[in-house]
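The values are calculated or read from the model by the stated rules, or taken from the named source; none is laboratory data. Computed from a predicted model, the values in this text were never measured in an experiment. Virtual Cβ from ideal backbone geometry, glycine too; neighbours counted across all protein chains shown. Protein only, heavy atoms only, side chains kept; ligands, DNA and RNA dropped before computing areas. Shrake-Rupley method; radii C 1.70, N 1.55, O 1.52, S 1.80 Å.
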Amino acid sequence: MQRKGSAFVMLTVLAIPVFFAAPRAAAAQQSAPLVEFKAGIADPVNTVLAWYMARAAGRYAAQGLKVDITNMNGGSRGAEELQAGRIDVMQVGLSAVIKVNQSGGNLRLIAALSNVMRFRLIAARGVTSAADLKGGIVGISTAGSESDSAVTLALQKLGLSRDDVTIKEYGSSTHRLAALKSGEIKAAPLDEPAASAAQQAGLTPLVDFVPMQIPWLFAGLAVRHDDIGARRDLLTRLLKICIEGNTIALTDEKRAKQVLAKELKITSDKNLDIAYRDFVAQSPANLEPSVTGVQNILKVFPKASQNIGDFIDLGLLDALKAQGFFATMDAKYGQHGQKP
């Protein structure tokens, strides 16, 4: 990824000899009590696979952490809980981080889990055009979330504006899908695996962003800005967990599908394959955010700061790269950049 000017906060990496200290440090870490870490997710979707894989592989305990993954039923809601100090990290898109920071918060994304817009605007039965949608209810997870931003984009594609519909919070993709099936709402943005489940039920998309491949910081790891310095070691360990989980998921399809099926309760082989292929297509092997993806989201928030550094801090990720952690993962699991 190319970086321009002062777009990202850069930290100088000090080269510290660790040849003899590393084994002792690892042993001490394993013998110490596990540190509890509260992690929020916007929804149980395939962009969480890196965390699920790391848990299945026992990588949390290996890094001295006891990670509790909690569904926050919406990115904005989870980002607000993160800012309030009730969770330690949030899997969320950039839109929610911008919304919280606009309200006086101070969050930063320290890595990306998806750099592409993944939603489909799924319509209820009988809704086949913009005219059918006009005046109806569109369900999102929470205001200011990635699903909310996706609705703005989708309405533009249909020649409509937000004033032409009623946008209402419905929480999880499961709730949005249920509301679509019942006809309570006329449309809702869904990603995998809910999007495939909706289409399997006979519902069709009015707008499908998946083939468009729009650069978009759809999901990443958000933390409180102050914690990047104050809890540097803990966040570095969390990043290592995420990187390793992501690498396993990208290099071991069979194992990844088993974990996806279990965590997301996917029973259809077809839907499972779609969910995994969707993950592979969107997941950045190096966890770096797309600059274009960030800029595209900032356009949706013209009143917010347009300085990328106010929302993204890659200092911890850069340090791990400089220390050779990605090279270690490549040696352990195979070249993670070569996706299946």
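For segment 137-163, give me each residue that is in a helix (DSSP H, G or I), of a type outside the set (S, T, N, Q) and either open to solvent by less than 40 Å² (accessible area, probe 1.4 Å) or under 20 Å from Glu184 (Cβ atoms) (or both). Result: Glu146, Asp148, Ala150, Val151, Leu153, Ala154, Leu155, Arg162. Considering Lys38, Lys66, the condition of being in contact with a Leu (Cβ under 8 Å, 6 or more places away or on another chain), in a strand (DSSP E or B), at pLDDT 65 or above and over 21 Å from Ile312 (Cβ atoms) is satisfied by Lys66 alone. Among the residues making up segment 196-218, those that are under 16 Å from Val280 (Cα atoms) and in a strand (DSSP E or B) are Pro215, Trp216, Leu217, Phe218. Looking at this structure, is Leu121 at pLDDT 95 or above and either buried (at least 24 other Cβ atoms within 10 Å of the Cβ) or under 21 Å from Ser283 (Cβ atoms) (or both)? Judged against the criteria, Leu121 is a match. Just one of Leu238, Leu180, Leu155 is at pLDDT 95 or above and closer than 30 Å to Gln63 by Cα; which is it? Answer to the selection: Leu238. Of the residues making up segment 164-180, just one is among the small types (Gly, Ala, Ser) and surrounded by 21 or more Cβ atoms within 10 Å (Cβ to Cβ), namely Ser173.
Considering only residues of segment 56-76 that are of a type in the set (Gly, Ala, Ser) and open to solvent by 50 Å² or more (accessible area, probe 1.4 Å), which is nearest to Lys254 (Cα to Cα)?
Filtering segment 56-76 for residues of a type in the set (Gly, Ala, Ser) gives 56-58, 61-62, 64, 74-76.
Next, only the ones that are open to solvent by 50 Å² or more (accessible area, probe 1.4 Å) stay: 56, 61.
Details: Ala56: 13, Ala61: 23 Å.
Selected residue: Ala56.
Filtering Val280, Val259 for residues that are open to solvent by less than 60 Å² (accessible area, probe 1.4 Å) and within 25 Å of Val223 (Cα to Cα) leaves a single hit, Val280. Looking only at residues in segment 85-118 that are part of a loop (DSSP other than H, G, I, E, B) and in contact with a strand residue (DSSP E or B) (Cβ under 8 Å, 6 or more places away or on another chain), which one is most open to solvent (accessible area, probe 1.4 Å)? In this case the residue turns out to be Arg86.
Per the conditions (1) surrounded by fewer than 19 Cβ atoms within 10 Å (Cβ to Cβ); (2) touching a Lys or Arg at 6+ places or on another chain (Cβ under 6 Å); (3) among the β-branched types (Val, Ile, Thr), the sole criterion not satisfied by Thr204 is (2). Quick check, is Pro193 under 20 Å from Val116 (Cβ atoms) and at pLDDT 95 or above? No; evaluated as a whole, the condition is false for this residue. Scanning segment 306-324 for residues that are in contact (Cβ under 8 Å) with a residue 40 or more places away in the chain and either surrounded by fewer than 17 Cβ atoms within 10 Å (Cβ to Cβ) or of a type in the set (Val, Ile, Thr) (or both) yields Asn307, Ile308, Gly309, Ile312, Ala322, Gln323.
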